[in-house]
Structure formats: C-alpha cells, structure tokens
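Reading through the structure tokens given below for one structure.
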Amino acid sequence: MDKEHRKNLSRKLDHLQIAKDLADGPLSAGFEDIYLIHQAASPMSLVEIDTGLSFANKKLKVPFLINAITGGPRLSLEVNASLARVARELGIAMAVGSQRLAMADPDLETSYRIARKENPHGLLFANLGALCTPEEAVKAIEMLEADGLQLHLNLAQELAMAEGDRDFRSLLDKIALIVETVPVPVIVKEVGFGLSRETAMELWQRGVKYLDVGGCGGTNFGTIERYRQGIGGPTVFEEWGIPTAVSIAEVCSLSLPITVTASGGIRSALEAVKSLALGAHLIGIAGPTVKLLLNSSEEKLLAYFQQLISDFRSLMLLSGTGTLAELRKIPVIITGKTKDWLEQRGIMDQYRQRSSGTNKPDCR
Ligand SMILES: Cc1cc2nc3c(=O)[nH]c(=O)nc-3n(C[C@H](O)[C@H](O)[C@H](O)COP(=O)(O)O)c2cc1C
C-alpha cells in the first residue's frame, strides 16, 4: 500500500471519528424562516396518507435517503452494513461514501459491496468525486449494481484540505461525459456548501437531471478539516455556503424537470416537510446517522428514522396533503433572511404567488 493510499484511508476514518462528535453549523440551514399553514379541519385519515414515490425506477415507501458517508476501512464495513439494514427495514434509499479508495485497492470493495448484500432490492447509489473518469464511474456502479451514481462536488472541502485538489477546470466537461457514458441516473451533489441557481443551470445544460443541494447548516467539512489538520481557530470555509432552505429554492425556482434531493442539516420531519413544500422530492440525511450509529446503536438509528417517518406522515395530514405531489404545491410562508435572499435573487415572487392563492406554479 503506497503512502498516498494509506493517507486517504486514514482520512476516511478521521471523517467518521470527527463527525460522530461534531455539532451542526455554525450557519443555519434556514428552516426557521419557513412556515407552513396548519389545516385544522383536514378531512383525512392518517392511514390514507401516501408517502410513496418512484426514484430511478424503484419504489420508495417514504422520501428519505441515508446520504453518502463511508467505505474503505474496517469500521466503514460495519457502518455500511448497519445503514443498509436500516434502509431495507424502512424502505428508504442509501448511498455509499466515495468509492475512490476501492479504485486503488480492490480488497476494500467489500466495505461498499456489503450495502448491496444487506439490501439486495433496495435503492442504492454509488458515489465518486466529480473529477473521476467514466471508467471509474462505470466500475463504481457495477461494484454495487447501483441504481444511480452520486457525483460529489466538494470544492470548498478540497480547498480546506492541505492535500486537496486545486484545479477544477475540467469539472463540468467531465460530468457531461459521465452522464453520457453511464447506464444509470447521475445525481450531482454538494456536501454541505449548497447548489446555486447558476450551478444547477450549468449542470442541467450538461444533461444532469438529478441534483442533491447539500446545503450548509448541517455537517460542516470546513470544521471537520480544521479538526483533522489541528488548525487553531475557525477557517473561512466554516461560514461559507448556501443554507439548505435557500438552496432548494434556488434550484427549484428554475422550474426544470430536475429531481431534487434536499440535504444538509435536515434533522426533523418538520424540516423534511418544509423541504418538500419548497419543491424538493427526496430528503437526504447523513450526520445524525453517524452519531447514532457510532455513539449509540443500529436500534437507536432505526428508532430515529421510525419517529421521523411517523412525524412526517402526521405533518402531511396537518398540512392537508395526502400525497407528496400535493405537498410540493402547498403555500409556503418565507420570512427573515431567507426571504431577503430570495427577494434579491428574484425568486420570491414564485412562492409569494403560490401562497397568496392567485397562482399555483409547480416550483419543481
Ligand atoms: C463522516 C462523513 C463522511 C462523508 N463522506 C462523503 C462521501 O464520501 N461522499 C459524499 O458525496 N458525501 C460525503 N459526506 C457528505 C454527506 O453525504 C452530506 O452531503 C453532508 O454531510 C450534508 O448532510 P448532513 O448535514 O445531513 O450531514 C459525508 C458526510 C459525513 C458526515
């Protein structure tokens, strides 16, 4: 094993060990600015609420995804096995962490393959950095018989890392090539700094139809890198990024037929319901799964998601929506800094019209 590979392996382990004790933030994901309307006489029964959706030709019982975390070291094998069992039990989706390590060392493939082994029929995403080659992308998909490929954009994280990439000129061309080459949907995702309208448009123009906004307010890779490198005070990367609620609106306001995953600091069913009301289709959660698994147990993680799903259904009833499609069209009240942001970006009117009842655009 060469020095570079050993370093990458130990970085993956460091990420897990740091993330298990890491607080969210310091920036907020912005959901405190979003309000939904309580429907006090909702003429519905909880059992009738339909939370199902199709994603990449598979059915999910509820719109949740255990987002990309890990793979490689021995601990990752155990983590991925647990995550896959929880995903199978609940009928939710899962992504493995970056498969870069397995590209260099086939012995590490088992730590990723375990996710498919534990959940043979589940919706499972492969994961690589967006600077990978089409050959690597195909290999990562085949390794898992994956239903989709997540390509992560992590420019801020790379810049925060002493050993990180510095040249991103080929990024968009590489993504376009991969979208053309691979046989499954390509989901381009951020890892906690958010996607803007401009980025979403650039990606759409290169054939990308699936985005994961990965906004700020949750796991902060600026902070993780500071701890990992033993840097004294906060770095610029820790207060940089687009809050998740804003990023969902930025992307969805383009009204393009893009399937949007909301992620980054989403911790409660209320934040999940607000995300869908802003236009997202699926909810990704990463940080809490690491904390619950490594500080507690697989049972506690399962219980967390069971509560989340139960609360999600209750909130759908209280907002008078029987399906996810209905939820994505309800009025949303946007206040505070999020409103200021969306106003200055010319996005606010779309939501305002929907909320005032004069128009009901489908902010995809
Ligand atoms: C320990 C850890 C490792 C991660 N590794 C990856 C990775 O390999 N690939 C990736 O795309 N995202 C990775 N992420 C980012 C998450 O998928 C997610 O985008 C980010 O943590 C924001 O979501 P959260 O606030 O719910 O944690 C990782 C997150 C954590 C906590």
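The values are calculated or read from the model by the stated rules, or taken from the named source; none is laboratory data. If you're wondering where the values come from, they're calculated on a predicted model, not measured in any experiment. Neighbour counts are summed over all protein chains in view; Cβ atoms, including those assigned to glycine, are modelled from backbone coordinates with ideal geometry. When the accessible area is computed, the model is the full protein with side chains, heavy atoms only, and any ligands, DNA or RNA have been set aside. Shrake-Rupley method; radii C 1.70, N 1.55, O 1.52, S 1.80 Å.
Summed over the residues of the chain and divided among them, the accessible surface reaches 42 Å² per residue at a probe radius of 1.4 Å. Before rounding to the nearest 500, sum -39500 (n - 2.57) across all DSSP H runs of length at least 4 in the chain and divide by the residue total; then give [θ] at 222 nm in deg cm²/dmol. Counting only the DSSP helices, I get -13500 deg cm²/dmol. DSSP finds beta bridges in segment 1-151, and of those with both partners inside it, around 25 percent are antiparallel. Remark: spin-label model distance GLU180-HIS121 equals 3.8 nm, labels positioned 7 Å along the Cα→Cβ axis. Taking the 1.4 Å solvent-accessible surface of segment 3-349 as the whole, the part contributed by carbon and sulfur is 53%.
Pop out the ³J(HN,Hα) list for segment 110-122 in order, Karplus 6.51 cos²θ - 1.76 cosθ + 1.60 with θ = phi - 60°, rounded to Hz; leave Gly and Pro as x. These are the phi-based 3J(HN,Hα) values: 4, 5, 9, 4, 4, 5, 6, 4, 6, 9, x, 10, x Hz. For GLY122, neighbours were defined as the other residues whose beta-carbon sits under 13 Å from its Cβ, and their charges (Lys and Arg +1, Asp and Glu -1) total +3.
Rounded to two decimals, the Cα radius of gyration of segment 117-210 over 2.2 N^0.38 Å is 1.09. Averaging 1/r over each pair of different alpha-carbon atoms in the chain and inverting the result gives 20.5 Å, the Kirkwood hydrodynamic radius. Relative contact order of the chain: 21 percent, from C-alpha pairs under 8 Å at least 6 residues apart in sequence. Legend: calculated FRET efficiency, SER268 to LYS59, from the Cβ-Cβ distance at R0 = 35 Å, rounded to 0.05, equals 0.90. Pairwise Cα distances in segment 61-157 exceed 17 Å for 43 percent of all pairs. Once the chain from SER297 to THR110 is taken as fully extended at 0.36 nm per residue, the excess over their C-alpha distance is 65.1 nm.
Length available on full extension from MET201 to SER356: 0.36 nm per residue minus the Cα-Cα distance, which gives 53.0 nm. The 1.4 Å probe gives accessible areas that order HIS15, HIS38, largest first, as HIS38, HIS15.
Maximal additional length on extending the GLN39-SER255 stretch stands at 75.1 nm, based on 0.36 nm per residue less the C-alpha distance.
Kirkwood radius, segment 267-345, all distinct C-alpha pairs, inverse of mean reciprocal distance: 14.1 Å. Under the Kirkwood approximation for Rh and a Cα-based Rg, what ratio Rg/Rh is obtained for segment 201-340? Computed over Cα atoms, the ratio is 1.00.
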